[in-house]
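The values are calculated or read from the model by the stated rules, or taken from the named source; none is laboratory data. The model shown is predicted, which means the values in this text are computed figures rather than measured ones. Cβ: placed from backbone, ideal geometry, glycine included. Neighbour counts: every protein chain shown.
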Amino acid sequence: MKTWLLDTGPLVALLARDDAWHHWAVEASKQAPASVLTCDAVISEALFLIKRGGHRTDVLFGLVDMGLLRSEFDFRAQYRHVRDLMRRYRDRPMAFANACLVRMAELNPSACIWTLDGDFRFYRKDRRQTLSLVVPDAAASD
């Protein structure tokens, strides 16, 4: 089974029942491996958005406690690559969390990114390779 790298959008959608993408995120999660990977930047964004939306953040921490969500990105070891990605895509502009996820995809060649962000259709790993994505049909066409 492929490694799934979780972006902010689906994480928030999964945890916030009033999110427009909640149903899709729940259905997609049924296809996900038992544990998904992310980075601290995604967790930070998600916690901010969940709290701002009036939801409890404990649910996200519960996913970590259960081992369903693992943050396994060493920014200190990868910061040059992240910086280079953000420079390369500065015209979009590339968010820090997105750069971390693209770098994680480079480090895990068989990984796919679970996202709602259409910018991932434009990003390339290793400069030329398209990213494998888990996206809803509507997000794939935006």
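Examine the stretch 120-131 for a residue that is closer than 22 Å to E27 by Cα and in a helix (DSSP H, G or I), and state whether such a residue exists.
yes
Among the residues of the stretch 32-44, what is the count of those that are crowded, with 19+ Cβ neighbours inside 10 Å and closer than 13 Å to G9 by Cα?
Result for the stretch 32-44: 4.
Tell me, which residue of the stretch 61-110 that is more than 26 Å from A16 (Cα to Cα) and among the hydroxyl-bearing types (S, T, Y) is modelled with the lowest pLDDT?
Across the stretch 61-110, the extreme among qualifying residues is S110.
If a residue has to be part of a helix (DSSP H, G or I) and closer than 17 Å to A105 by Cβ to count, how many in the stretch 39-90 make the cut?
Summing the residues that are part of a helix (DSSP H, G or I) and closer than 17 Å to A105 by Cβ in the stretch 39-90 gives 15.
For the stretch 31-45, check the following and say yes or no: at least one residue is farther than 17 Å from L6 by Cβ and either at pLDDT below 95 or of a type in the set (V, I, T) (or both).
no
Can you confirm whether the stretch 99-109 contains a residue that is in contact with an Asp or Glu (Cβ under 7 Å, 6 or more places away or on another chain), surrounded by 18 or more Cβ atoms within 10 Å (Cβ to Cβ), hydrophobic (A, V, I, L, M, F, W, C) and part of a helix (DSSP H, G or I)?
Yes, the stretch 99-109 contains at least one residue that is in contact with an Asp or Glu (Cβ under 7 Å, 6 or more places away or on another chain), surrounded by 18 or more Cβ atoms within 10 Å (Cβ to Cβ), hydrophobic (A, V, I, L, M, F, W, C) and part of a helix (DSSP H, G or I).
Being surrounded by fewer than 14 Cβ atoms within 10 Å (Cβ to Cβ) and either in contact with a helix residue (DSSP H, G or I) (Cβ under 6 Å, 6 or more places away or on another chain) or within 13 Å of D119 (Cβ to Cβ) (or both) is the filter here, so list the residues in the stretch 85-98 that pass it.
The answer is R90, D91, R92, P93.
Kindly evaluate A46 against the criterion of being among the small types (G, A, S) and over 12 Å from the mean Cα position of the chain (by Cα).
no
On the given criteria, is T57 in contact with a helix residue (DSSP H, G or I) (Cβ under 8 Å, 6 or more places away or on another chain) and either of a type in the set (S, T, Y) or in contact (Cβ under 8 Å) with a residue 12 or more places away in the chain (or both)?
Criteria met by T57.
Please specify each residue of the stretch 71-84 satisfying the condition of being in contact (Cβ under 8 Å) with a residue 24 or more places away in the chain and either of a type in the set (S, T, Y) or surrounded by 18 or more Cβ atoms within 10 Å (Cβ to Cβ) (or both).
Listed by number, the residues that qualify are S71, F73, Q78.
Taking the stretch 1-28 as the search range and keeping residues that are more than 13 Å from the chain's Cα centre (by Cα) and in a helix (DSSP H, G or I), which one is farthest from S132 (Cα to Cα)?
Looking at the filtered set, the residue picked out is L15.
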